[in-house]
């Protein structure tokens, strides 16, 4: 899991509207899943109240939005495409709309991962029919997510 986190927010920050994950990736296989999660991280000093007990609120990570994309459907849900191993490939997909305020003192966290099992079935990391995959079809895979000015980013309106 790749985790990106802001410093402690000096002011409230509101994200609003459409949200897009724009990933640039290279994989060692021919298929992969991509999961992006946007998380509100509460301050270490957050106290429990009678309403929140018994859940610990200090440093609590509240998932605000999330989405998964099966890589073979990155360009079309009706015409799956294999990845070319090692080739840098864009994988862009929309997360659910958002209207959330990250409060002063909180942090904004983004996680990128290649599996969300058991919420989503495992991907064999090969361009095959997953429903017909046998145990031997499941392979280890290296996933590189590119960063920087020409790399991956999350597109969302900040109000």
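Checked against (1) under 16 Å from residue 9 (Cα atoms); (2) surrounded by fewer than 17 Cβ atoms within 10 Å (Cβ to Cβ); (3) modelled with pLDDT of 85 or more, residue 41 meets all criteria but (2). In summary, residue 91 fulfils each of the numbered conditions (1) over 18 Å from residue 38 (Cα atoms); (2) touching a helix residue (DSSP H, G or I) at 6+ places or on another chain (Cβ under 7 Å) with the single exception of condition (1).
The values are calculated or read from the model by the stated rules, or taken from the named source; none is laboratory data. It should be emphasised that the depicted structure is a prediction, and the values quoted were computed from it without experimental measurement. Note that each Cβ is placed from the backbone with ideal geometry, even for glycine, and that neighbours are counted across all protein chains shown.
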